[in-house]
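Enquirer: Can you read through this structure? Questions will come right after.
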Number of protein chains: 2
Amino acid sequence: MSVTDELLANAERYAATFDKGDLPLPPGKGVAVVACMDARLNPYGVLGLSEGDAHVIRNAGGVITAGERRSLAISQRLLGTREIILIHHTDCGMLTFTDDGFKADIQRETGVKPDWAAEAFPDLEEDVRQSIRRVTSDPFIPHTDQVRGFVYEVETGRLREVKP
Amino acid sequence: MSVTDELLANAERYAATFDKGDLPLPPGKGVAVVACMDARLNPYGVLGLSEGDAHVIRNAGGVITAGERRSLAISQRLLGTREIILIHHTDCGMLTFTDDGFKADIQRETGVKPDWAAEAFPDLEEDVRQSIRRVTSDPFIPHTDQVRGFVYEVETGRLREVKP
């Protein structure tokens, strides 16, 4: 049995007691969260989110690239969110390599150099600030007066704010 | 008080009882989930995930673009995941507009046409299949023998598989 099959058994249990079938499409709290995909960072637990509350956007590093700007534009323009919470975290995998090294390894193995930036970063707080700036300078995200950035500490469970 | 401030109060409560400070960086279950950012879709609840279990990647629609292929390459190559679960859902916002219409609206308002695809789709199941194909045809994601796609039903809480 694959891990996927194991998780599908969990999904059947979730459906068996499900009672949230009438939630509206727009997020109830009007917030979009952009966080790292890291397994230890659970935005629902940390922020106390429930079904229906917030858009949750995640990727390797919690970085802001064209895809995240696309999702945030859709979130605000079509679904009414107004606040943005950015979350990076300590002990992040993105601190452990460089774009050049990672892409050279892939090119060595496959013969092809990836046509994307890996978005590795050497300084956690500075990349949170960089992410804030990428959001606030985007011409297609209308509401950028409530964009705040944080580092989640995987060691302590604490969320600490990074000033822009 | 902003909604962000309200969620930060939740984060203090999470940290106060936190006891998972020794989890390793690689996901314990070796799985990466790619799901829509929709507020009603809670991958932790649906799949029974806990802190440390899985990478969770999310965006508007749960689509596969360059950014998701970047995250999946990092997830598998640097952090050892082997299985991929793709989740779209019923009543998705991406079914309610077209790329051309959305981008024309933005251009009318800002004077600038977005340089990204909005990735709207008219057929839910077909876009799950499209996402599977985008993953399995990517040259930089090494393990594509366990890539399965699903539709989450926001009305019933059920997860149903889409055959490729």
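Enquirer: From the list A:Val56, A:Val63, which one is buried (at least 23 other Cβ atoms within 10 Å of the Cβ), in contact with a Phe, Trp or Tyr (Cβ under 9 Å, 6 or more places away or on another chain), closer than 19 Å to A:Pro24 by Cα and not aromatic (Phe, Trp, Tyr)?
Expert: Details: A:Val63 fails: closer than 19 Å to A:Pro24 by Cα.
Just one listed residue meets the conditions, A:Val56.
Enquirer: Could you figure out which of (1) farther than 21 Å from A:Ser137 by Cβ; (2) within 7 Å of chain B (Cβ to nearest Cβ); (3) not in a helix (DSSP H, G or I) isn't true of A:Ile57?
Expert: (1)
Enquirer: Considering only the range B:109-153, how many residues are more than 9 Å from chain A (Cβ to nearest Cβ) and hydroxyl-bearing (Ser, Thr, Tyr)?
Expert: Of the residues in that region, 4 qualify.
Enquirer: Looking only at the range A:71-97, which residues are within 18 Å of A:Ala54 (Cα to Cα), more than 13 Å from the chain's Cα centre (by Cα), part of a helix (DSSP H, G or I) and touching a residue at least 24 places away in the same chain (Cβ under 8 Å)?
Expert: Within the range A:71-97, the first condition is being within 18 Å of A:Ala54 (Cα to Cα), and the residues that meet it are A:71-88.
Right, trim to more than 13 Å from the chain's Cα centre (by Cα) and you get A:73-83.
From what is left, the residues that are part of a helix (DSSP H, G or I) are A:73-79.
Across the range A:71-97, the qualifying residues are A:Ala73, A:Ser75, A:Gln76, A:Arg77, A:Leu79.
Enquirer: If you don't mind, there's one more thing I want to ask. Take the residues in the range A:119-129 that are within 16 Å of the chain's Cα centre (by Cα) and free of Cβ contacts under 8 Å to residues at least 40 places away in the same chain, then tell me which one is nearest to B:Phe140 (Cα to Cα).
Expert: If we filter the range A:119-129 for residues that are within 16 Å of the chain's Cα centre (by Cα), which is where we start, we get A:119-121, A:124-125, A:127-129.
Adding the requirement that they be free of Cβ contacts under 8 Å to residues at least 40 places away in the same chain leaves A:124-125, A:129.
Values: A:Leu124: 26, A:Glu125: 29, A:Arg129: 29 Å.
Looking at the filtered set, the residue picked out is A:Leu124.
Enquirer: So which residues in the range B:21-51 are within 15 Å of A:Asp5 (Cα to Cα), of a type in the set (A, V, I, L, M, F, W, C), facing chain A (nearest Cβ under 7 Å) and touching an Asp or Glu at 6+ places or on another chain (Cβ under 9 Å), if there are any at all?
Expert: B:Val31, B:Leu47, listed by residue number.
Enquirer: Please work out if B:Asp100 is of a type in the set (Asp, Glu), part of a helix (DSSP H, G or I), in contact with a strand residue (DSSP E or B) (Cβ under 8 Å, 6 or more places away or on another chain) and more than 24 Å from A:Gly61 (Cα to Cα).
Expert: Against the criterion (of a type in the set (Asp, Glu), part of a helix (DSSP H, G or I), in contact with a strand residue (DSSP E or B) (Cβ under 8 Å, 6 or more places away or on another chain) and more than 24 Å from A:Gly61 (Cα to Cα)), B:Asp100 does not qualify.
Enquirer: Let me ask something else. Taking B:Ala11, is it over 30 Å from A:Thr110 (Cβ atoms), facing chain A (nearest Cβ under 7 Å), buried (at least 20 other Cβ atoms within 10 Å of the Cβ) and touching an Asp or Glu at 6+ places or on another chain (Cβ under 8 Å)?
Expert: Values: over 30 Å from A:Thr110 (Cβ atoms): yes; facing chain A (nearest Cβ under 7 Å): yes; buried (at least 20 other Cβ atoms within 10 Å of the Cβ): yes; touching an Asp or Glu at 6+ places or on another chain (Cβ under 8 Å): no.
Against the criterion (over 30 Å from A:Thr110 (Cβ atoms), facing chain A (nearest Cβ under 7 Å), buried (at least 20 other Cβ atoms within 10 Å of the Cβ) and touching an Asp or Glu at 6+ places or on another chain (Cβ under 8 Å)), B:Ala11 does not qualify.
Enquirer: If you check A:Lys29, A:Lys20, which single one turns out to be of a type in the set (D, E, K, R), in contact with a helix residue (DSSP H, G or I) (Cβ under 7 Å, 6 or more places away or on another chain) and not in a strand (DSSP E or B)?
Expert: A:Lys29 is the lone residue from the list that is of a type in the set (D, E, K, R), in contact with a helix residue (DSSP H, G or I) (Cβ under 7 Å, 6 or more places away or on another chain) and not in a strand (DSSP E or B).
Enquirer: Moving on to the next point. What do you reckon, is B:Phe97 within 30 Å of A:Lys20 (Cα to Cα) and buried (at least 19 other Cβ atoms within 10 Å of the Cβ)?
Expert: Working: within 30 Å of A:Lys20 (Cα to Cα): yes; buried (at least 19 other Cβ atoms within 10 Å of the Cβ): no.
It is false that B:Phe97 is within 30 Å of A:Lys20 (Cα to Cα) and buried (at least 19 other Cβ atoms within 10 Å of the Cβ).
Enquirer: Inside the range A:103-127, can you point out the residues that are assigned to a helix (DSSP H, G or I), of a type outside the set (D, E, K, R) and out of contact with any Phe, Trp or Tyr (no Cβ under 7 Å at 6 or more places or on another chain)? So that I can check it myself, show each step before the final result.
Expert: Narrowing the range A:103-127 to residues assigned to a helix (DSSP H, G or I): A:103-110, A:124-127.
With the extra rule that they be of a type outside the set (D, E, K, R), the set shrinks to A:104, A:106-107, A:110, A:124.
Hits for the range A:103-127 are A:Ala104, A:Gln107, A:Leu124.
Enquirer: How many residues, within the range B:66-94, are under 29 Å from A:Leu23 (Cβ atoms), facing chain A (nearest Cβ under 7 Å) and surrounded by fewer than 19 Cβ atoms within 10 Å (Cβ to Cβ)?
Expert: 1
Enquirer: Let me confirm something: among B:Gly93, B:Gly149, which residue is modelled with pLDDT of 95 or more and touching a Gly at 6+ places or on another chain (Cβ under 9 Å)?
Expert: Matching residue, one of B:Gly93, B:Gly149: B:Gly93.
Enquirer: Here's something else I'd like to know. When you check B:Gly157 against the structure, is it touching a strand residue (DSSP E or B) at 6+ places or on another chain (Cβ under 9 Å), within 12 Å of another protein chain (Cβ to nearest Cβ), touching a residue at least 24 places away in the same chain (Cβ under 8 Å) and of a type in the set (Gly, Ala, Ser), yes or no? It would help to see each step written out before you state the result.
Expert: On the way: touching a strand residue (DSSP E or B) at 6+ places or on another chain (Cβ under 9 Å): no; within 12 Å of another protein chain (Cβ to nearest Cβ): yes; touching a residue at least 24 places away in the same chain (Cβ under 8 Å): yes; of a type in the set (Gly, Ala, Ser): yes.
Judged against the criteria, B:Gly157 is not a match.
Per-residue answers, yes or no, for (1) within 26 Å of B:Gly48 (Cα to Cα); (2) surrounded by fewer than 18 Cβ atoms within 10 Å (Cβ to Cβ); (3) touching an Asp or Glu at 6+ places or on another chain (Cβ under 7 Å):
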position: B:Glu109; (1), (2), (3): no, yes, no
position: B:Lys113; (1), (2), (3): no, yes, no
position: B:Asp127; (1), (2), (3): yes, no, no
position: B:Gln146; (1), (2), (3): yes, yes, yes
position: B:Val154; (1), (2), (3): yes, no, yes
position: B:Val162; (1), (2), (3): yes, no, yes
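The values are calculated or read from the model by the stated rules, or taken from the named source; none is laboratory data. Since we're looking at a predicted model, the values are computed, not measured. We place every Cβ from the backbone using ideal geometry, glycine too, and count neighbours over all the protein chains shown.
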